[in-house]
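The values are calculated or read from the model by the stated rules, or taken from the named source; none is laboratory data. Since the model is a prediction, treat every value here as computed from it, not as a measurement. Don't worry about glycine lacking a Cβ; one is built from the backbone with ideal geometry, like all the others, and counts go over all protein chains shown. Each accessible area value is taken on the protein alone, full model and side chains, heavy atoms only, with ligands, DNA and RNA left out. Shrake-Rupley method; radii C 1.70, N 1.55, O 1.52, S 1.80 Å.
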Amino acid sequence: MANTYKVHIALALLLTALSTLIVGLTLLPGSPLLPRATTFVVLGLTFTLFGAAALRALSAAQSIGPGKLLRMAPSRLVVTAGVLVGGAVVCLAVGGLPSGGQPMKEDGVYYLLKSHGDLHKVTREVYGESIKAEMRFFVTWFTFVSAYAAVLVACAHRAAAPDPVRHTPAPAPPAPLPAAPGSPCDAVGACEWCGQLKSATSLPYCPR
């Protein structure tokens, strides 16, 4: 079971890094290096991993509470996820948000679909920049979601791990010390000091 948590965390972090890379590639000049369908592929992978992470976190939160669950996030993982998301946000800030409308192509002619439904004819360069801006905006959000999925799974993993305090066996009681010479020795059996057999009617003190 622990291995499935680790694989889930690794996949979520890998997708986070991949999403950050995709956002960074949109800053390069020229035509988009990745097809527009890349956004939908990343969307499917992101929410598949996040959905599984949410189920694991919900199961763990039922036993320890949601507030305590989120406080169990490993600091290294949080920093790593934060750096990746921060990189995507910086790329988004540098490249800018989508503007002008949704890019479309019909019969070799490039358009931007305005919010009120009008088509505005544009050049191929403007069309390419619009696709990159659209991809940059959406994939940045996917970067955050996949990073959050990794953190949720890590918290659920820690919550499911055995509590070392609760499962540590109690220490064995210390062995009784032998009676000192001249101390009462009224137990039935062999004397701990002299080895002589004692009985209930023997002398109460060790003869040694």
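Per-structure values
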{"item": "In sequence order, calculated HN-Hα J values of the stretch 19-28 (Karplus, 6.51, -1.76, 1.60; Hz; x Gly/Pro)", "result": "5, 4, 5, 4, 5, x, 5, 6, 7, 6"}
{"item": "Extension gain from Gln102 to Leu14, taking 0.36 nm per residue of separation minus the Cα-Cα distance", "result": "28.8 nm"}
{"item": "Overall dimensions of the stretch 1-79 as given by Cα atoms, namely Rg and Dmax in Å", "result": "16.0, 53"}
{"item": "Cut-off under 5 Å, modelled amide H: who pairs with Tyr110 long-range", "result": "Val122"}
{"item": "Summed residue charge, Cβ within 10 Å of Gly100's Cβ, Lys/Arg positive, Asp/Glu negative", "result": "0"}
{"item": "The stretch 58-102 - convex hull of alpha carbons, volume per residue in Å³", "result": "123"}
{"item": "Debye log10 I(q)/I(0) for the stretch 1-158, one point scatterer per Cα, at q = 0.08, 0.11 Å⁻¹", "result": "-0.30, -0.51"}
{"item": "Candidate lysines for bridging to Lys105, where Cα separation is under 18 Å - those fewer than 8 sequence places away on the same chain excluded", "result": "Lys114, Lys121, Lys132"}
{"item": "Accessible area in the full protein assembly, largest first, 1.4 Å probe, for Thr26, Thr4", "result": "Thr4, Thr26"}
